[in-house]
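What follows is a set of notes on a single structure, which appears directly below.
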Amino acid sequence: MAYRDLREFISQLEKEGDLQRIKAEVDWNLELSHISKLNDEKGGPALLFENVKGYSTPVFCSALATPKRLAIALDLPRDLSVMGVAREWMHRTMQKKIPPVEVATGPCKENIDKGDKVDLFKFPIPKYYKKDGGRYIGTTHAIISRSPESGWVNLGTHRMQILDKNHAGIWMIPGKHVQLHLKEYEKLGKPMPVAVAIGVDPTIFLCASAPFPPGESEYDYIGALRGLPVETVKGETVDLPIPATAEVVLEGEVDPIALRDEGPYGEYSGYYQATFPKPFLKVNCVTYRNNPVHWGCTTGKPITDIHILQALNRTALLWTDLEKMGLPGIKGVYCPPETGGYFTAIISIKQLYAGHARQVGTAVVSCPSGAYSTKLVVIVDDDVDPSNLSQVWWAIGMKFQPDRGTDILKRGFSSHIDPSLPIEEKDTTSRMILDATTPFEWRNEKKPTLITLDEEVVERVKRRWGEFFPSKTF
Ligand SMILES: Cc1cc2nc3c(=O)[nH]c(=O)nc-3n(C[C@H](O)[C@H](O)[C@H](O)COP(=O)(O)O)c2cc1C
């Protein structure tokens, strides 16, 4: 079932007992984010704050903080793991892309503020962490831009800080697609038209924050994930396709040259990223639904909402890229939420020839979705579930030999959010491929023999379990 909008997703969560409406008054200034963060740490439900101090409209938070809610977002069996949801994502998006369809109008046009009427403080935007530079209106949204050279429409999630009533700073990591579009506008000497859709069907956000290859529109993959095209409307002031059911849409332009200070911001690494000058959106028009729901994400230290959802979309895209490259024997892929879905990738393979494990390791750091930020690739045999970190540690402890199993690569595509890189040297990263497989070329008699329990005895023991432990059930 595809959700037409964020509201249908929220209703579904409520039907499944996975939503808490918070009716007590909550301050947008730190209190809201801290409730959400502590709730995520306890594995609590999604939250709808209905009484935000000084505002009459709600804020939705903690939305995708559990594997079950990822499954609800994609309408999959509720007991799937993050890796299981990612596998289904890959299957759906590899089948057929479904482009968006334009409709005449939509609920996002219920209210329209232009010119002097634009006021970003009209919405209950949280300040998430004490040292944040301000209130972040863009955490769970899609920034829509179009390449002036090729016409390619991109959707990306990039944090946005309110700078004043009609300006918001945007952190576009160099090499990310919206930044490539901005560079094209710079060559033309023109401002870049932008629309920002906040409060959308969860597949739109999940795809906007996923590393699809350049030149491809996230809209086509969102359609594939939903099994239905996204309905879009034209902007009031920009000629861009905008999800018709978005709660709030900011329309405006980004000057390719002008910069304003943005930050600090409590990033998903668990550390603040310092203030520095960045491009910003001049908002010329805001359209919004009646009683708009603001969707926010707390980011910050793992593991909460953002880390789980990034683990999903990074795992799904990396797995897809490896399959598209025609690499045989890939059994599982996992970008753990412990490292925010970035920096680390664990792949299990059924080795088919000598050198296979290293081929997979280098493919991970070279493919479009794996190149960015990855510092550690762990390759394990197919007797290890890559999403079970205890099993992964077993493989590292027992199968890995440092001189044989380690390769260091230099000058890779880094994440500027990586706190291990010094501030003045954030542009590239080194990487390690850690091959924790038993070498394929070892002859069978040289291979260590894995201990497995005797199946017949296991069956017998299970049948008689109650005799051995009469007072316990485990
Ligand atoms: C909640 C959230 C916030 C994010 N903030 C930023 C950001 O501020 N800057 C950035 O470049 N990427 C950010 N990302 C990651 C990008 O969304 C991701 O790299 C995406 O692939 C970018 O879009 P693109 O592939 O079209 O370039 C964020 C992701 C999430 C889930």
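Quick note: the coordinates plus some simple rules give every number you see, no bench work behind them. Bear in mind the structure is a predicted one, so any value in this text is a computation, not a measurement. Ideal geometry is used to build each Cβ from the backbone, glycine not excepted, and the neighbour counts take in all protein chains shown.
From the residues G235, T304, F123, which one has its Cα farthest along the dipole of the chain in the positive direction, the dipole being from +1 and -1 charges on Cβ of Lys/Arg and Asp/Glu about the Cα centre?
T304
Please say if the range 6-295 is rounded, prolate or oblate, where rounded means a/c under 1.5 for a ≥ b ≥ c the square roots of the C-alpha gyration tensor eigenvalues, and otherwise the choice is prolate for a/b larger than b/c and oblate otherwise?
Values: a/c = 1.42, a/b = 1.10, b/c = 1.29.
Here the range 6-295 falls in the rounded category.
Looking at the range 343-395, which chymotrypsin sites (Phe, Trp or Tyr not before Pro) are DSSP coil and have at most 14 other C-beta atoms within 10 Å of their C-beta?
Y353
Putting +1 on Lys and Arg Cβ atoms and -1 on Asp and Glu Cβ atoms, find which of W394, F49, A73 reaches farthest to the positive end of the dipole of the chain.
Ranked along the dipole, the leading option is W394.
Run through the DSSP bridge list for the chain and note the antiparallel percent, rounded to the nearest 5. List each step's numbers first, then the result.
On the way: 56 of 77 bridges.
Here the antiparallel bridges make up roughly 75 percent for the chain.
Is the C-alpha gyration tensor of the range 383-474 telling us rounded, prolate or oblate? Criteria: a/c under 1.5 is rounded; beyond that, a/b larger than b/c is prolate, otherwise oblate.
On the way: a/c = 5.30, a/b = 1.95, b/c = 2.71.
It comes out oblate by the Cα gyration axes.
Run the quick spin-label model on E14 and K117: label points 7 Å from Cα toward the beta carbon, then report their separation in nm to one decimal.
Here the modelled spin labels are 2.9 nm apart.
Net charge near I417: determine it from the other residues with C-beta under 15 Å of the C-beta of I417, scoring Lys and Arg +1 and Asp and Glu -1.
Values: positive: R159, K176, K278, K301, R314, K375, K426; negative: D132, E262, E267, D418, E425, D427.
Charge balance near I417 sits at +1.
State the extension gain, in nm to one decimal, for the chain segment bounded by D383 and A104, taking 0.36 nm per residue of separation less the distance between their alpha-carbons. Could the numbers behind the result be given before it?
Values: separation 279, 0.36 × 279 = 100.44 nm, distance 5.36 nm.
That pair, D383 and A104, stretches by 95.1 nm at full extension.
Of V85, I143, G106, whose Cα points farthest to the positive end of the dipole of the chain (charges on the beta-carbon: +1 Lys, Arg; -1 Asp, Glu; origin at the Cα centre)?
V85
Calculate the spin-label point distance for E216 paired with D418, positioning each point 7 Å from the Cα along the beta-carbon direction, and give it in nanometres.
2.4
Would you please put 49-61, 314-326, 411-423 in order of how densely packed they are, using the mean number of other Cβ atoms within 10 angstrom per residue and starting with the highest?
Numbers: 49-61: 19.2, 314-326: 22.0, 411-423: 15.5.
Listed from highest to lowest mean packing, they are 314-326, 49-61, 411-423.
Using a simple charge model, +1 on the beta-carbon of Lys and Arg, -1 on the beta-carbon of Asp and Glu, nothing else, what dipole does the range 142-239 show about its Cα centre, in debye to the nearest 20? Before the final figure, lay out the partial values.
Values: 9 positive and 11 negative charges, 53 e Å.
That gives the range 142-239 a dipole magnitude of about 260 debye.
Cα axis of helix 356-366 to longest principal axis of the chain: angle in degrees, 0 to 90, nearest 10?
Here the helix axis deviates by roughly 10 degrees.
Could you work out the relative contact order of the chain? I mean the mean sequence separation of Cα pairs under 8 Å and 6+ apart, divided by the number of residues, in percent. Walk me through the intermediate numbers first.
Details: 1072 pairs, mean separation 69.8, N = 474.
Here the relative contact order equals 15 percent.
Taking Cα pairs under 8 Å and at least six residues apart, what relative contact order does the range 325-442 come out at, in percent? Working shown, then result.
Numbers: 217 pairs, mean separation 32.9, N = 118.
Relative contact order comes out at 28 percent.
With +1 on each Lys and Arg Cβ and -1 on each Asp and Glu Cβ, how big is the dipole of the range 63-143 about its Cα centre, in debye rounded to the nearest 20? Provide the component values of the computation, followed by the final result.
Details: 15 positive and 9 negative charges, 57 e Å.
Roughly 280 debye for the range 63-143.
What shape does the range 325-442 have by the C-alpha gyration tensor, where a ≥ b ≥ c are the square roots of the eigenvalues, rounded means a/c under 1.5, and otherwise prolate means a/b greater than b/c and oblate the rest? Mind showing how you got there, number by number?
Working: a/c = 1.78, a/b = 1.66, b/c = 1.07.
In terms of gyration-tensor shape, prolate.
Using the basic label-point model (7 angstrom from Cα toward the beta carbon), what is the D79 to L453 distance in nanometres?
Roughly 1.9 nm, to one decimal.
Quick one: dipole size for the range 6-295, taken about the Cα centre, charges +1 on Lys/Arg Cβ and -1 on Asp/Glu Cβ, in debye to the nearest 20.
Dipole magnitude for the range 6-295 comes out near 280 debye.
Where does the chain land at 222 nm, in deg cm²/dmol rounded to the nearest 500, when only DSSP H runs of n ≥ 4 count, each adding -39500 (n - 2.57), divided by all residues? Write down the numbers at each step before the final one.
Values: 14 runs with 133 residues, N = 474.
Estimated from H runs of four or more residues: -8000 deg cm²/dmol.
Show me the ranking of peptides 261-271, 448-458, 287-297, 184-194 by mean Cβ neighbours inside 10 Å, starting with the highest.
Numbers: 261-271: 20.2, 448-458: 8.3, 287-297: 22.7, 184-194: 16.5.
So the order, starting with the most tightly packed, is 287-297, 261-271, 184-194, 448-458.
Only bridges with both residues in the range 329-470 count here: give the DSSP antiparallel percent, nearest 5.
Working: 10 of 21 bridges.
Among the beta bridges of the range 329-470, antiparallel pairing accounts for roughly 50 percent.
Based on the Cβ-Cβ distance of H91 and I396, what FRET efficiency does E = 1/(1 + (r/R0)^6) give at R0 = 45 Å, to the nearest 0.05? Please report the intermediate quantities before stating the final value.
Working: r = 30 Å, r/R0 = 0.66.
FRET efficiency, H91 to I396: 0.90.
How much of the DSSP bridge set in the range 1-78 is antiparallel, in percent, rounded to the nearest 5? Spell out each step's value before the answer.
Details: 3 of 8 bridges.
Around 40 percent antiparallel, to the nearest 5.
Take the Cα of K183, step 7 Å along the line toward its Cβ, and report every residue of the range 372-406 whose backbone nitrogen sits under 19 Å from that point.
Inside the label zone: 372-374.
If you wrap the range 282-337's Cα atoms in a convex hull and average its projection over all directions, what's the area in nm²? Could you put the intermediate results ahead of the total?
Numbers: hull surface 28.7 nm².
The Cα convex hull of the range 282-337, projected and averaged over all directions, gives 7.2 nm².
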